[in-house]
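The values are calculated or read from the model by the stated rules, or taken from the named source; none is laboratory data. As the structure is a prediction and not an experimental result, all values here were calculated from the model. Quick reminder, even Gly has a Cβ in these numbers, built from the backbone with ideal geometry, and neighbours come from all protein chains shown.
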Amino acid sequence: MSAPFFFGEAGRSLFGLLHETDGRPRIEGAHGLVLCAPLLQEGTRSHRALWSLAQAVGAQGIPTLTFDWYGTGDSAGEDLELSLSGLQSDLDAAAKELTRRSGATTLQWLALRSAAIPMLAYLSSRAAPVDVVLWDPQLDGRRLVDQWREQHRQQLLESGRYVHARHEPDADDLLGFRVDEAFLAQLRHAAPTRWRLPAGSRVRMAVWEMDETLDRFAQAQREAGVAVEAVLLDEGERPEWDVPARFGAQVFPRRAVAQLAQRMTAQVPW
Amino acid sequence: MNLQIDNLRALAEVADVTPEFAPQESVHRFGDGLVGVVTRPSRACSKVGVLLLNAGLTRHTGPFRLHVDLARTLAARGFPVLRFDQAGLGDSDAPVRTTGDRRQHEIEAAMRLLAEQTGAMRFVLCGLCSGADDAFHVAAVHPRVSGAILLDGVAFPTPGFWLRHVLPRLLNAGKVLRYIASRRNAGPALADFRDWPAKADARRMLSGMVDRGTRLLFVFTGGAYHYFNHRDQLAAGLGRAARAPQVALEYWREYDHTFYLRKHRRVLIARIEAWMRSEFGPSESN
């Protein structure tokens, strides 16, 4: 069962969906879960997968919030207004709203792909330990922006999208959206591998493949007193995030969604 | 009726600087677990409401947020709009009904919601790709549907289509080889993804809509090149009704299927806005 609503400050209203048990009482003292979607097109592509994960976790008694960043989806604002500080303020609003609506006293956080950057920026500024799940995280801001630009070039020139013409996009077009250069600069300079979560925090990474950036991030967190675990997902259903011809296709790795739901609800240990 | 692309570009420039409009939006759960957002005009509200249907599996916000921008633009012009997810898509629950009339039940529930929320009495259905298919089917049978906007919707390949499609490719050896290879490993065909009526039924459905006075805007893009490649093909496939005065047609062969570029979305939104105002403007609102 999910309930949609708008929340947040006047002028910065955000779309949210609270996923809960269907009629059954909440689990006493249960924590809440905030799910964060990737930015730009990957947010659209993975929407139903995150919705399904939220439904599965919510049905087990853990109130779970999915929401649209300001300037995306049904939330107010324009895509041009995306900024790193704005995304962090959205996380703050989401946490307050979930706490207010569900009564959860502690929160768990899950970020998919590029959502890891604003989430880690936000949580690393907190004093108390946090509980974070990073699903296929993108932790290299420079590489992320470069990949976006390359994908945009391929969409324009190589994907077969334009059969009869070549087009010049508007200057701030990126992956179908209007993205501020200043935001891209913020992302390029973001360095999540150097950010430290509060000591005593816990990070679980669910990934299809570990790489050097993730290793560096895990190492740095451990040195700061953060517990880090990694779970490898089934390589056979790894999404084709960067394949130009799949750019418009939905991403729904069913086994990963089920596996994550079972782990987030403690049906299966991490 | 047709507006040339140059005129549309001028319209799009205007649309870009239009409205000083803060959208009034409310979110709803309705029907069998459906979720949608109503965007309402701040001033006089037309009695003609617009329903935006899912484009394929994409959430109700539309490809690259097209439906959000379109809803806010139309509401600024006085038209209430509901964008919603059909069962199993976006934010809506999995389907409860498994019967074939589920699509119509869901769209009827959406019409009721928009009527309750805004006083809309008649409706225009708007959809891209499978959304256009849904709009065509429901518009053909529902008396409260006064119009449909069909983006890369139903059309049938004709002999002329095949000539235009095949001849240039015959001169390209690479394409011929790829075609032969594709026939050996035949994947899903167009019909596997679309929900078109049989051609004779589609002609009857369109003719019935025209007789009833339903207004239709067909827009085809270059993304439909594998089944549509000339303006005349619409009437050649769907019959004389496609040439009726209340049927408008745009063929934008240089555009892509999901309007990836903002400048193309601006043109589309401007065209839909102009069409809505000309077909359902203030004089039509009651």
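For the reader, a short list of remarks on this structure follows.
- Restricting the range B:73-127 to residues that are in contact with a Gly (Cβ under 7 Å, 6 or more places away or on another chain) and hydroxyl-bearing (Ser, Thr, Tyr), the residue that is surrounded by the most Cβ atoms within 10 Å (Cβ to Cβ) is B:Ser92.
- Checked against the criterion of being of a type outside the set (Gly, Ala, Ser) and under 18 Å from A:Trp135 (Cα atoms), the range A:72-81 contains not a single residue that satisfies it.
- Number of positions in the range A:220-237 that are at pLDDT 95 or above and in a loop (DSSP other than H, G, I, E, B): 4
- Residues in the range A:152-167 that are surrounded by 15 or more Cβ atoms within 10 Å (Cβ to Cβ) and either more than 14 Å from chain B (Cβ to nearest Cβ) or out of contact with any helix residue (DSSP H, G or I) (no Cβ under 7 Å at 6 or more places or on another chain) (or both): A:His152, A:Leu156.
- In the range B:199-211, the count of residues that are within 14 Å of chain A (Cβ to nearest Cβ) and either in contact with a strand residue (DSSP E or B) (Cβ under 6 Å, 6 or more places away or on another chain) or surrounded by fewer than 21 Cβ atoms within 10 Å (Cβ to Cβ) (or both) is zero.
- Candidates A:Thr265, A:Thr213: the one that is farther than 30 Å from A:Glu81 by Cβ and among the hydroxyl-bearing types (Ser, Thr, Tyr) is A:Thr265.
- Every residue from the range A:239-254 that is modelled with pLDDT of 95 or more and among the basic types (Lys, Arg): A:Arg254
- Subset of the range A:174-193 (residues that are surrounded by 18 or more Cβ atoms within 10 Å (Cβ to Cβ) and farther than 17 Å from A:Gly43 by Cβ): A:Gln186, A:Ala190, A:Pro192, A:Thr193
- Considering only residues in the range B:257-280 that are in a loop (DSSP other than H, G, I, E, B) and either charged (D, E, K, R) or in contact (Cβ under 8 Å) with a residue 12 or more places away in the chain (or both), the one that is surrounded by the fewest Cβ atoms within 10 Å (Cβ to Cβ) turns out to be B:His257.
- Residue list for the range A:1-20, restricted to those being buried (at least 16 other Cβ atoms within 10 Å of the Cβ), part of a loop (DSSP other than H, G, I, E, B) and within 11 Å of chain B (Cβ to nearest Cβ): A:Ser13
- Extreme residue, surrounded by the most Cβ atoms within 10 Å (Cβ to Cβ), among residues of the range A:63-96 that are of a type in the set (Ser, Thr, Tyr) and in contact with a strand residue (DSSP E or B) (Cβ under 8 Å, 6 or more places away or on another chain): A:Thr64
- Here B:Phe218 passes the criteria (1) within 14 Å of chain A (Cβ to nearest Cβ); (2) within 18 Å of B:Ser130 (Cα to Cα); (3) within 16 Å of the chain's Cα centre (by Cα) except the one numbered (1).
- Only one of the numbered conditions (1) more than 9 Å from chain A (Cβ to nearest Cβ); (2) not in a strand (DSSP E or B); (3) not charged (D, E, K, R) is not met by B:Val50, and that is (2).
- Some residue of the range A:152-171 being in a helix (DSSP H, G or I), over 18 Å from A:Trp69 (Cβ atoms) and in contact (Cβ under 8 Å) with a residue 60 or more places away in the chain: yes
- Residue pairs whose Cβ atoms lie under 7 Å apart, sitting 6 or more positions apart in sequence or on different chains, and linking a residue in the range A:173-188 that is closer than 12 Å to A:Ile117 by Cβ and more than 10 Å from chain B (Cβ to nearest Cβ) to a partner that is at pLDDT 95 or above and part of a loop (DSSP other than H, G, I, E, B), are A:Phe183/A:Leu82; A:Phe183/A:Ser83; A:Gln186/A:Ser83.
- Qualifying positions in the range A:97-108 - in contact with a Gly (Cβ under 9 Å, 6 or more places away or on another chain) and part of a helix (DSSP H, G or I): A:Glu97, A:Leu98, A:Thr99, A:Arg101, A:Ser102
- Of the strands (runs of 3 or more DSSP E) lying entirely inside the range B:56-157, those carrying at least 2 residues that are away from chain A (no Cβ under 14 Å) and touching an Asp or Glu at 6+ places or on another chain (Cβ under 8 Å) are B:122-128.
- Restricting A:Asp170, A:Asp90, A:Asp146 to residues that are within 14 Å of chain B (Cβ to nearest Cβ) and more than 24 Å from A:Gly200 (Cα to Cα) narrows the list to A:Asp170.
- Within the range B:25-47, considering residues that are part of a loop (DSSP other than H, G, I, E, B) and more than 19 Å from B:Arg102 (Cβ to Cβ), the one nearest to the other protein chains (Cβ to nearest Cβ): B:Ser42
- Residue within the range B:243-256 that is over 16 Å from the mean Cα position of the chain (by Cα) and buried (at least 22 other Cβ atoms within 10 Å of the Cβ) present: no
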